Amino acid sequence: MHGNVFIVGLGLIGGSLALAIKSKHPDATIYGFDVKKSGMEIAHARNVIDEKVESFRQGAELADVIILSTPVLEMEKLVKQLAGFALKEDVLITDTGSTKGRIMELACDLRDEGITLIGGHPMAGSHKAGVESAKAHLFENAYYVLTPLADTPSRKLEELQQWLSGAKAHFLVLDTEEHDYITGVISHFPHIIAASLVNQAKKYSDKNSLISLLAAGGFRDVTRIASSSPIMWKDIVKQNRLNLLDLLEDWMTEMRRIQQVLRDEDELAVNRFFEEAKEYRDSLPVRSKGAIPSYYDLYVDVMDVPGAIAGITSLLAEHEISITNLHIIESREGLLGVLRISFQKDEDRSKAQVLLNHNDYKTYEAA
Ligand SMILES: NC(=O)c1ccc[n+]([C@@H]2O[C@H](COP(=O)([O-])OP(=O)(O)OC[C@H]3O[C@@H](n4cnc5c(N)ncnc54)[C@H](O)[C@@H]3O)[C@@H](O)[C@H]2O)c1
Ligand SMILES: O=C(O)C(=O)C[C@]1(C(=O)O)C=C[C@@H](O)C=C1
């Protein structure tokens, strides 16, 4: 497609979308704007965008498509400004924000001015912020939620999906409230819990320095997202506050239940607690990205000595087994660590496991 795409907020998500759009529509011109001048310079120097603009207004007035990708409270301010600009008559506006309630209220005001805003939320990302981490394939195979107003013409929805098709994501049209409720459960609330686990550990580590030293795979796996941008999350929890207050209430009831069964030394109830969680966690779909990534992991014990990891990767390469990712999830200097190897196919993971076991490595399918 031809046209001018204007991306506001050249961070992880805005940068990744810019790359994905360009890969599918090389004839489009991607304009970008960010309040952080250095981010805009990097985006331009790395060809994430074709052109920089001086102001939000300048980019918005020359755009056929406007994509807002700032933290969500900034987006509110930006959308309010749009009605006062001389926008192109058929301009299409979307956003990437993690909450949809507030922006869709503002979309109603824009509709009254004859301007279409279709809410968007790619359900993939990272704890890493900034254009430096942007990737064209970030959203591949992930769900991409769209929240059009009920009277949005279907040709506008189709046009947006065509513009975003380079993301190679699966579009899912959702009602705004349902979106905020679901993402509250599986994304926003877990971020609160991850941050609270880290804050709790920090409190204890102030008294005992061994705490941070011994923080191993489990703690790191469950708290990775606590490294996400505090500004972004402050905005999200503010906008989804009511759902999160309900979820917190529910969580506290659940914690009090666990507290009681532990007090009662009710082994059966404790077992049921873990069993129910395992059953549901194991049943989550592994093939589609989004909540759970589409790869197969194998865990291998390794000595933390030079060359230990190279030994494993060369062995796999010699047998033409491709891997998608390597990650040391637990490492203690000079001692045993655990390496997580990710494979695209279950078949590759099985072959690798047989091969590594045969070569005296100790492997596991779960950490
Ligand atoms: N990170 C994720 O995993 C993820 C996933 C899906 C959706 N989102 C949503 O996408 C949006 C962007 O998130 P991100 O991860 O790319 O964050 P980011 O911090 O990497 O990027 C945000 C960018 O917006 C810029 N910015 C802030 N205010 C601005 C303004 N008024 N005008 C222009 N630029 C401005 C910042 O300087 C920054 O470069 C957020 O609304 C977030 O909720 C994030
Ligand atoms: O993988 C991560 O680090 C994320 O937190 C990504 C994640 C999430 O799954 O909660 C974060 C915010 C979004 O709006 C969508 C995706």
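The values are calculated or read from the model by the stated rules, or taken from the named source; none is laboratory data. All values reported here derive from a predicted model rather than from experimental measurement. When we count neighbours, we look across all protein chains shown, and the Cβ atoms used for this are built from the backbone with ideal geometry, even at glycine.
Before moving on, here are some points about what is shown:
Condition check ((1) surrounded by fewer than 22 Cβ atoms within 10 Å (Cβ to Cβ); (2) touching a Pro at 6+ places or on another chain (Cβ under 8 Å)) across all residues:
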| position | (1), (2) |
| --- | --- |
| Ile115 | yes, no |
| Ile118 | yes, yes |
| His121 | no, no |
| Ser126 | yes, no |
| Ser133 | yes, no |
| Arg155 | yes, no |
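So that you can scan it fast, the table gives a plain yes or no per residue for (1) surrounded by fewer than 24 Cβ atoms within 10 Å (Cβ to Cβ); (2) at pLDDT 95 or above; (3) within 12 Å of ligand 1 (Cβ to nearest atom); (4) hydroxyl-bearing (Ser, Thr, Tyr):
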| position | (1), (2), (3), (4) |
| --- | --- |
| Gly15 | no, yes, yes, no |
| His25 | yes, yes, no, no |
| Val48 | no, yes, yes, no |
| Ser69 | no, yes, yes, yes |
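- Residues in region 100-139 that are more than 7 Å from ligand 1 (Cβ to nearest atom), closer than 19 Å to Leu174 by Cα and in contact with a helix residue (DSSP H, G or I) (Cβ under 7 Å, 6 or more places away or on another chain): Lys100, Gly101, Arg102, Ile103, Met104, Leu106, Thr116, Leu117, Ile118, Gly119, Phe139.
- Taking residues in region 300-312 that are assigned by TED's automatic domain parsing to the domain that holds Leu326, and partners anywhere that are assigned to a loop (DSSP other than H, G, I, E, B) and surrounded by 12 or more Cβ atoms within 10 Å (Cβ to Cβ), the pairs with Cβ atoms closer than 6 Å and at least 6 places apart or on different chains are Val300/Tyr361; Asp301/Lys362; Asp304/Ser331.
- Looking across region 75-100, the residues that are away from ligand 2 (no atom under 14 Å from the Cβ) and not in a loop (DSSP other than H, G, I, E, B) come down to Glu76, Lys77, Leu78, Val79, Lys80, Gln81, Leu82, Leu92, Ile93, Thr94.
- Residue check, Ile258 within 16 Å of ligand 1 (Cβ to nearest atom), among the aliphatic types (A, V, I, L, M) and touching a helix residue (DSSP H, G or I) at 6+ places or on another chain (Cβ under 9 Å): no
- Taking residues in region 92-117 that are more than 13 Å from Pro148 (Cα to Cα), and partners anywhere that are of a type in the set (D, E, K, R) and within 16 Å of ligand 2 (Cβ to nearest atom), the pairs with Cβ atoms closer than 7 Å and at least 6 places apart or on different chains are Thr99/Asp180.
- For Glu76, the stated conditions do not hold, so it cannot be described as over 24 Å from His179 (Cα atoms), of a type outside the set (Ser, Thr, Tyr), without any contact (Cβ under 8 Å) to a residue 40 or more places away in the chain and surrounded by fewer than 24 Cβ atoms within 10 Å (Cβ to Cβ).
- Out of Ile13, Ile21, Ile67, Ile42, one residue alone is within 16 Å of ligand 2 (Cβ to nearest atom) and part of a helix (DSSP H, G or I). It is Ile13.
- Members of region 247-264 that are free of Cβ contacts under 8 Å to residues at least 12 places away in the same chain and part of a helix (DSSP H, G or I): Glu249, Asp250, Met252, Thr253, Glu254, Met255, Arg256, Arg257, Gln259, Gln260, Leu262, Arg263
- Every listed requirement among (1) within 15 Å of the chain's Cα centre (by Cα); (2) closer than 26 Å to Glu76 by Cβ is met by Thr223 save one, (2).
- Criterion applied to Ala60, Ala86 was being within 14 Å of ligand 1 (Cβ to nearest atom), in contact with a helix residue (DSSP H, G or I) (Cβ under 9 Å, 6 or more places away or on another chain) and hydrophobic (A, V, I, L, M, F, W, C), and the one residue passing it is Ala60.
- When residues of region 202-230 are limited to those that are charged (D, E, K, R) and either exposed (fewer than 11 other Cβ atoms within 10 Å of the Cβ) or in the same structural domain as Gly130 (by TED's automatic domain parsing) (or both), the one farthest from His327 (Cα to Cα): Lys207
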